[in-house]
Amino acid sequence: MLNLPNGLTLIRLLLIPAVIVADHPPKDGPSHLAAILFLVASLTDILDGFIARRYNMVTSMGKLLDPVADKILVSSVLFLLVAHGLLPAILAIIVVAREFAVSGLRSVAASQGIIIPAEKSGKAKMVVQTTSIALLLDNNRHLPIPGSNFLLNFHWIGLLIFWVAIALTIVSGVQYVLWYLWITSQDGSQ
């Protein structure tokens, strides 16, 4: 049961406390280490799924732990960002509510023998969301734009990208519901 993909998932779970410890209030400056650890943890998600499917290493343990690890990682960091005043609470609530709703829907579908595959919009949401969260963790950082007097503010860029993630969160959540309703209407299931 403890193969390479499951090991990567366990590493992701172990990185969650490290991200939390590395994060600190914005007044103490940007949290570069927290952003880097969060990105590393997020990359283990991509890698474990790729390896599991590519080398036929999918296990029941992986099916259980992988989505749980993802939700704990993202939820924990969203709570930190809200607590530090770097993200409006309503945005974090939308993301976490969608995650619970989709997980619940997938559980109901699985109990009916229906497998709901990951949607492309859900994968795009995860990439955009991960990028925005990393920028928000590395808050108050400014990079000069070459040849100008302007500075790129990671916090504002992260918020802008997070709004795109919110749109994808809603769209992908609706797609899961519509797919489930369509598939159950095809076989007469309730």
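Read the figures in this text as sums done on the coordinates, not as results from a lab. Here the structure is a predicted model, which is why all the values come from computation and not from measurement. In this analysis, Cβ positions are derived from the backbone assuming ideal geometry, glycine residues included, and neighbour counts consider all displayed protein chains.
One residue stands out in segment 140-181 among those that are in contact (Cβ under 8 Å) with a residue 60 or more places away in the chain and of a type in the set (S, T, N, Q): the one that is surrounded by the most Cβ atoms within 10 Å (Cβ to Cβ), namely Thr169. Please enumerate the residues belonging to segment 69-93 that are more than 14 Å from Ile133 (Cβ to Cβ) and in contact (Cβ under 8 Å) with a residue 24 or more places away in the chain. Of everything in segment 69-93, those that are more than 14 Å from Ile133 (Cβ to Cβ) and in contact (Cβ under 8 Å) with a residue 24 or more places away in the chain turn out to be Ala69, Gly85.
Please work out which residue is surrounded by the most Cβ atoms within 10 Å (Cβ to Cβ), limiting yourself to segment 31-70 and to residues that are part of a helix (DSSP H, G or I) and aromatic (Phe, Trp, Tyr). For segment 31-70, the residue satisfying everything is Phe38. Residue count for segment 1-24 under the criterion of being within 16 Å of Ser42 (Cβ to Cβ) and either exposed (fewer than 13 other Cβ atoms within 10 Å of the Cβ) or in contact (Cβ under 8 Å) with a residue 24 or more places away in the chain (or both): the result is 14.
When restricted to residues that are without any contact (Cβ under 8 Å) to a residue 60 or more places away in the chain and either of a type in the set (Gly, Ala, Ser) or touching a helix residue (DSSP H, G or I) at 6+ places or on another chain (Cβ under 6 Å) (or both), segment 25-44 contains 4.
Only residues that are closer than 24 Å to Val40 by Cβ and either in a loop (DSSP other than H, G, I, E, B) or of a type outside the set (A, V, I, L, M) (or both) were counted across segment 71-97, and they come to 7. When Gln175, Gln112 are checked against the criterion of being closer than 22 Å to Ser75 by Cα and of a type in the set (S, T, N, Q), a single residue qualifies: Gln175. Do we find that Ala109 is in a helix (DSSP H, G or I), closer than 15 Å to Ile170 by Cα and not basic (Lys, Arg) in this structure? So Ala109 fails the test. Selection of segment 43-93 for residues being touching a Lys or Arg at 6+ places or on another chain (Cβ under 6 Å) and over 21 Å from Asn3 (Cα atoms) yields an empty set.
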